[in-house]
1. Report, in deg cm²/dmol and to the nearest 500, the calculated mean residue ellipticity at 222 nm for chain B, where each DSSP H run with n ≥ 4 adds -39500 (n - 2.57) and the sum is divided by the residue count.
2. Which of A:Thr15, A:Thr180, A:Thr198 moves most in a GNM of chain A, Cα contacts under 10 Å?
3. So what's the back-of-envelope 222 nm ellipticity for chain A, counting only DSSP H runs of four-plus at -39500 (n - 2.57) apiece and dividing by all residues, rounded to 500?
4. Long-range amide H contacts for B:Cys109: which residues qualify at under 5 Å (H placed 1.01 Å from N, peptide plane, sequence gap of 5 or more or a different chain)?
5. Would you please give the residues with an amide H less than 5 Å from that of A:Ala169, counting only those at least 5 places away or on a separate chain, with H modeled from the backbone geometry?
6. From the backbone phi of the stretch B:364-369, what are the Karplus-calculated ³J(HN,Hα) couplings (6.51 cos²θ - 1.76 cosθ + 1.60, θ = phi - 60°) in whole Hz, Gly and Pro given as x?
7. Any chance you could check the Cα centroid distance between the stretch B:283-304 and the stretch B:175-231 for me, in angstrom?
8. Taking chain B as a Gaussian network, Cα atoms linked when under 10 Å apart, which of B:Phe37, B:Phe326, B:Phe258 shows the biggest mean-square fluctuation?
Amino acid sequence: MLEIQNLTKIYEGGTLALKKVSMSVEDGEFLVIIGLSGSGKSTLLRCINRLIEPTEGRIIWDGVDVTGLKGEELRKVRRHIGMIFQQFNLVKRSSVLTNVLSGRLGYVSPWRSALGRFPKKDVEKAVSCLERVGILDQANKRADELSGGQQQRVGIARALMQDPKLILADEPVASLDPATSHSILKYLEELNRDDGVTVLCSLHFLSLARAYATRIIALKDGEVVFTGLPSQIDDARFREIYGEDAIQVEIR
Amino acid sequence: MNAPEERRKEIPGRPRGLLSSWRFVGAIVVGILIYAFGWRVTEINLQKLVTGAPDVVHIVKQLMQPDLLTRDKEYQRAYADFLVPCGPVAPRQPAVSETETYLVLSHACGESGEPLSVEGFNFRPSTRGLLRWVPPTGTKRSLQYFDSDAEGHFALGIAVPDVGASEELQQIEVELRWDVGLPYPSETTRIVAEKMVQTIMLALMATTLGVFAAVPLSFLAARNLMSKYRGTMIIYFLTRGVFNVVRSIEPYIWAIIFAVWVGIGAFAGVLALGMHSIAALGKLYSEQVESIDPGPIEAIQATGANTLQTIIYGVVPQIVPPYVAFTIYRWDINVRMSTVIGFVGGGGIGFILIQWVNLLRYKQAGVAVWAIVIVVWVMDYVSSVVREKIV
């Protein structure tokens with residue numbers, strides 16, 4: 001279980017990205033965070049694995065206060081939290097296989113990995129992860145030779161290598177077309193349903209959130225403005241979250 | 001009445017036609033003045049371009065016939081004695097023979113300027129020869145080239161040269177030379193090959209020096225790494241400033257400085273090109289560091305990787321291929337520069353090229369020029385192929 005208490009983030013320069021956000025995520029949830037650009041979704045996700053240092057507040061995951069961790073302890077927590085990014089964040093010039101193996105870096109000894117020697121079982125695991133997301137035939141290609149959808153699948157495979165208990169997905173489909181978006185979210189749904197991985201995913205489109213979320217949280221200007229089931233978001237709620245002028249766009 | 005008012009309204013929004021056209025005319029006039037001045041101070045003379053052309057033809061001809069290959073020579077020599085003026089005893093004529101070479105003179109003594117015919121027998125057929133006059137003192141004089149006929153016979157009419165009276169014997173020397181055996185690389189080719197190897201190594205050493213110094217310095221010259229504190233920002237500006245100054249000084253000038261410092265030779269060339277490479281590579285490398293994509297670094301950190309792992313898996317793959325590409329590109333440039341750095345004392349092939357040019361030995365210079373053309377062309381091709389593969 002993940003518990004966030006009074007999380008505040010003020011960036012250098014004074015931008016207030018998160019205002020005393022409190023929420024909790026049960027194990028096995030597919031929790032979707034919605035909200036406009038700049039509402040604090042990315043900041044919130046990055047505070048959970050401390051890619052961004054929160055200014056105030058606490059994050060407690062499985063009884064451990066993540067905000068207080070340093071060095072080795074922080075890395076041990078991070079290796080159980082997979083992360084997927086809007087821009088995929090693959091090392092473009094490295095091979096697909098190397099990108100996937102890099103998901104295992106938290107587990108292997110630094111000196112072995114420095115020489116590029118991963119244990120045999122990790123390589124086998126990478127192969128099976130690539131097989132699972134259906135791009136094993138691309139394993140030896142350079143990452144930037146793949147299409148957007150394929151690159152995001154590499155991103156998922158990299159997260160899978162971590163044996164994650166939690167996956168943070170920051171706008172995972174915002175750079176993809178609608179059909180590819182569904183295929184990516186279906187992989188996340190499958191992980192959530194079959195492997196019991198908790199998924200915390202930010203999305204732009206409410207229609208996608210409705211299709212995949214078990215619960216939705218809405219952020220606006222760094223504050224939680226809605227928590228509830230997808231079915232509870234009616235037109236009034238929608239305007240509250242996205243502003244008066246917004247129109248719902250359906251992604252099928 | 002409405003029309004002028006409307007026009008006045010429009011005017012501020014548009015460029016003002018009259019004024020801008022005056023400016024345009026002014027700009028053209030200034031431009032013409034600048035070019036006229038430039039034409040004068042650079043002493044451009046198109047007439048000279050035409051009239052001077054014949055002077056360069058023989059140089060170009062010799063450059064086009066480089067002294068690349070050579071063959072072993074064999075020669076035949078024969079002598080006849082002569083006296084200037086006639087004395088009490090006439091010199092003996094060479095012995096007539098059926099098989100051996102010998103010369104026959106029309107007369108064996110006489111005054112300077114008198115005609116004299118020289119006939120030769122039993123020489124190598126159809127071969128080029130040279131007739132020389134060998135006075136009792138002083139240097140030999142080449143008088144006439146000739147070719148022997150199919151029977152190995154020749155007949156020449158010469159004039160007795162102005163050698164001054166002497167009681168001692170003068171000598172007429174005939175020498176026929178011809179090539180034997182297969183062609184093999186000339187001495188020039190051997191020297192050029194040796195110097196070319198030195199030149200390429202010079203470029204390699206200079207590039208290596210540049211890489212070793214530029215890699216660490218490039219991080220100090222990367223704004224994204226150094227902008228955090230005021231102190232590091234000062235280092236950033238200093239490094240950038242030094243790069244710009246060093247880069248703006250041409251390698252030739254560095255070569256002059258280092259030729260004085262460590263003496264004329266390849267080492268001065270290594271230092272001169274190295275100096276320039278440090279600054280040039282440092283700038284290119286640092287720009288590469290500045291354009292690193294933070295995304296993959298963030299992603300690697302998120303997997304629980306430590307700092308070393310993050311650098312090896314997130315940073316290195318992003319900067320190494322462009323670093324290698326820039327380095328090969330620099331080596332390519334350095335090979336090109338090293339061929340001429342010798343002009344100003346930097347060693348390598350340029351050093352002997354400029355010597356041959358100064359001695360007017362254009363056939364030898366031609367070998368060096370062709371070697372430079374080939375090496376630069378090959379390096380250019382190889383470096384572009386390798387760079388394409390890497391990036």
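1. Details: 14 runs with 224 residues, N = 391.
Here the helix-only value at 222 nm equals -19000 deg cm²/dmol.
2. Largest GNM mean-square fluctuation: A:Thr15.
3. Working: 9 runs with 85 residues, N = 252.
Helix contribution divided over all residues of chain A: -9500 deg cm²/dmol.
4. B:Leu83
5. A:Ile84, A:Leu200, A:Cys201, A:Ser202
6. Running phi through 6.51 cos²θ - 1.76 cosθ + 1.60 with θ = phi - 60° gives 6, 4, x, 4, 5, 4 Hz.
7. 32 Å
8. Comparing B:Phe37, B:Phe326, B:Phe258 in a Gaussian network model of chain B, the most mobile one is B:Phe37.
A short reminder: the numbers here are calculations on the coordinates, not readings from a lab. Small disclaimer: the values here were computed from a predicted structure and weren't measured. No Cβ is skipped: glycine too gets one built from the backbone with ideal geometry, and neighbour counts run over all protein chains shown.
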